[in-house]
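For reference, the structure is listed below as structure tokens.
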């Protein structure tokens, strides 16, 4: 009887664990077109428009990645299924912020998911939004200067 109870408990645990794990995935970001390998790529994952794309302190996860041959691959792991947007800054001088000229025009490379663009100001969250609903989601992003 004890063995049967143990077996049922084990099966329940395995079933619940598999269900929880199945509702999470990895977002594998591949970014190219960096003008140089100087500095760092600062990548931020957002779950809402709050702070997107230029306030990484409001992101749910961030990654600082080295640039090699003008490219970066970075993975956000164990992310709950849902809607997100990603922003990246090529922080060439590693000062932790986007450098702009006196008009506010970016002087460093940047990008957002879906390669979303905007005429004036930063791209909108909804334009960069994507849905994670699989265990691995590969995404490409081109860095703009």
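Structure summary
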quantity: Residue count for region 74-106, restricted to those that are outside any strand (DSSP E or B) and either closer than 13 Å to residue 122 by Cβ or in contact with a helix residue (DSSP H, G or I) (Cβ under 8 Å, 6 or more places away or on another chain) (or both); calculated: 3
quantity: Lone unmet requirement of (1) modelled with pLDDT under 95; (2) surrounded by 14 or more Cβ atoms within 10 Å (Cβ to Cβ) for residue 2; calculated: (2)
quantity: Which listed residue is surrounded by fewer than 17 Cβ atoms within 10 Å (Cβ to Cβ), modelled with pLDDT of 95 or more and assigned to a loop (DSSP other than H, G, I, E, B), from 54, 64, 37; calculated: 37
quantity: Top-ranked residue in region 22-31 [being surrounded by 15 or more Cβ atoms within 10 Å (Cβ to Cβ) and under 15 Å from residue 115 (Cβ atoms); ranked as nearest to the chain's Cα centre (by Cα)]; calculated: 29
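The values are calculated or read from the model by the stated rules, or taken from the named source; none is laboratory data. Treat the numbers as computed from the prediction; the structure is a model and nothing was measured. Positions of Cβ are generated from backbone atoms using ideal geometry, with glycine treated the same way; all protein chains shown enter the neighbour counts.
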